[in-house]
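Q: Here you go, one structure.
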Amino acid sequence: MLLSRTYKGIIWTNHALTRLKDRKISQHMAYKTIALPDSKKKGKKNGSYEFTRAEGDHKITVVAKRTDKNHWLIVSSWIDPPLKGSIDLRGKNEFILFKIFRDLIKSIFR
């Protein structure tokens, strides 16, 4: 997946680019989310905004804020439900396996 620090006039942090790669979201899909959002709201951090867009059965969220020069800076993004092979899906599966293993150990040592 080829990613660029500037894409279609928008600046992307290293963190945002890593998240795109880890979550298997194309930079173009994230760009479409900020350019043509279904919704936009104030974000949790000071001065940030959360843009959301439906893509098929998935909802993409992009967090961005304005720079001092009034350019958009993409901070992070995610997709729900996670895409197959993404870090978020692996994390959920690993957590489920951990819970099963923990419960098994508890039942053995009761």
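Nothing in this text is a laboratory measurement; each read-out follows from the coordinates by a stated rule. It should be emphasised that the depicted structure is a prediction, and the values quoted were computed from it without experimental measurement. Note that we place each Cβ from the backbone using ideal geometry, even for glycine, and neighbour counts take in every protein chain shown.
Q: Tally Lys/Arg at +1 and Asp/Glu at -1 over every other residue whose Cβ is under 13 Å from the Cβ of SER39; what's the total? Please report the intermediate quantities before stating the final value.
A: Values: positive: LYS40, LYS41, LYS42, ARG53, LYS59; negative: ASP38, GLU50.
It works out to a net charge of +3.
Q: What number in nm² do you get for the chain if you take the convex hull of its Cα atoms and divide its surface by four?
A: On the way: hull surface 36.4 nm².
Result: 9.1 nm².
Q: Another question, then. Charges at C-beta only: +1 for Lys and Arg, -1 for Asp and Glu. How large is the resulting dipole of the chain about its Cα centre, in Debye rounded to 20?
A: Details: 24 positive and 10 negative charges, 54 e Å.
In total the dipole reaches around 260 debye.
Q: If you don't mind, there's one more thing I want to ask. Just to verify a number: FRET efficiency for LYS44 and SER107, C-beta to C-beta distance, R0 = 30 Å, to 0.05? Show your work: numbers first, answer last.
A: Numbers: r = 40 Å, r/R0 = 1.32.
Working from the Cβ atoms, E equals 0.15.
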